[in-house]
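Let me begin by presenting the structure, written as structure tokens, before commenting on it.
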Amino acid sequence: MNISISLTEVLYALGLFAWVIVVVQVISRAVYEAAKKRYGDEYVGIYFARKVIHILAGGLVALLIPVFNLFDDFILPLALAIVLAFFCWWPHRTGKLMYWFQDPSNMYEVDFCLVWGILMALSWLLTGGWWLGVVPILFMALGDGITGIVRNFLFKRRTKHWSGNVAMFAICAPMGYFLGPFNLAGVIAAALASLVEHVEKIGRTYIDDNITVPITAFAVLAAFSLLGIPLTLVA
């Protein structure tokens, strides 16, 4: 495995990092304030802010990497994810939370950063490309993002209503089919990821869908890809 990092790649990484900071510090805070004012509920504001970060930071950045072929290996994307995980973890450690999107009761945003980096790295290591990691990340970023938006518009509160899962599958299935080489496997992964998102806890233990959704989708796509199972609807 020959790994080298060019100055151009470093500049791309710095640009993506700057964009994520703008999303977290400026855009998501504005969304928080608007949603809080509109619905009169602080948690709804936090929820919308988190989903905006999922979509514009996690999802968009993941998509840009293969579309514009920004990196030749996984080192900088993984490093970017680790730095951002620390950036999200440190306020929990110090007690100085970024109140507009961080919840003192959990550190799910840290999980999202770490899973993002791990799946991107595994994708590159297993396939030499990015789509195996990007598609599950998009399921989490855009698919799960739309669940919260739909549920909050319908119920004005946090809930795991199935309407969100239907909306998630409607978003994820086309991505799974058309992005990368997955086709039918992508639709199956989208269906299972959409079902897994509905699981909030097992027994008394709460489940973080920032982990379960992308890992479920990744496992399905990896199984189809690495085992050579036919991926198309028509032979």
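Cβ-Cβ under 9 Å, sequence separation 6+ or interchain: first residue in region 188-214 and free of Cβ contacts under 8 Å to residues at least 40 places away in the same chain, partner hydroxyl-bearing (Ser, Thr, Tyr). Which pairs?
LEU192/THR216; LEU195/THR216; VAL196/THR212; VAL196/THR216; HIS198/THR147; VAL199/THR212
Taking region 148-179 as the region of interest, how many residues are in a loop (DSSP other than H, G, I, E, B) and in contact (Cβ under 8 Å) with a residue 60 or more places away in the chain? Step through it out loud before you land on a result.
Step one: list which residues in region 148-179 are in a loop (DSSP other than H, G, I, E, B), which gives 156-161, 179.
Subset that is in contact (Cβ under 8 Å) with a residue 60 or more places away in the chain: 156-158.
Total satisfying the criteria: 3.
Kindly evaluate ALA141 against the criterion of being touching a Gly at 6+ places or on another chain (Cβ under 7 Å) and closer than 21 Å to TRP116 by Cβ.
Values: touching a Gly at 6+ places or on another chain (Cβ under 7 Å): yes; closer than 21 Å to TRP116 by Cβ: yes.
So ALA141 passes the test.
So in region 204-235, with the set limited to residues that are at pLDDT below 90 and part of a helix (DSSP H, G or I), which one is surrounded by the most Cβ atoms within 10 Å (Cβ to Cβ)?
SER225
Are there any pairs, at least 6 apart or on different chains, whose C-beta atoms fall under 9 Å, with the first in region 88-105 and over 16 Å from ILE46 (Cα atoms) and the second not in a loop (DSSP other than H, G, I, E, B), and if so, which?
Matching pairs, first to second residue: TRP89/GLU109; TRP89/VAL110; TRP89/CYS113.
Which residues, taken from region 1-46, are in contact with a Gly (Cβ under 9 Å, 6 or more places away or on another chain) and closer than 28 Å to ALA121 by Cα?
Pass one, region 1-46, residues in contact with a Gly (Cβ under 9 Å, 6 or more places away or on another chain): 20, 31-39.
Residue satisfying the conditions is VAL20 alone.
Report, by residue number, each residue of region 115-144 that is under 15 Å from ALA57 (Cα atoms) and over 10 Å from the mean Cα position of the chain (by Cα).
If the condition is that a residue be under 15 Å from ALA57 (Cα atoms) and over 10 Å from the mean Cα position of the chain (by Cα), then GLY117, MET120 are the ones that fit.
Across region 125-144, which residue is farthest from ARG50 (Cα to Cα) among those that are surrounded by fewer than 24 Cβ atoms within 10 Å (Cβ to Cβ) and small (Gly, Ala, Ser)? Let's see the steps before the verdict.
Residues of region 125-144 that are surrounded by fewer than 24 Cβ atoms within 10 Å (Cβ to Cβ), as a first pass: 125-129, 131, 142.
Imposing the further condition that a residue be small (Gly, Ala, Ser) reduces the set to 128-129.
On the way: GLY128: 31, GLY129: 28 Å.
Checking each candidate, the answer is GLY128.
Taking into account only those residues within region 181-203 that are crowded, with 20+ Cβ neighbours inside 10 Å and not hydrophobic (A, V, I, L, M, F, W, C), which is modelled with the lowest pLDDT?
Per the stated criteria, the residue is GLU197.
The values are calculated or read from the model by the stated rules, or taken from the named source; none is laboratory data. As the structure is a prediction and not an experimental result, all values here were calculated from the model. Reconstructed Cβ throughout: ideal geometry from the backbone, glycine too, with neighbour counts over all protein chains shown.
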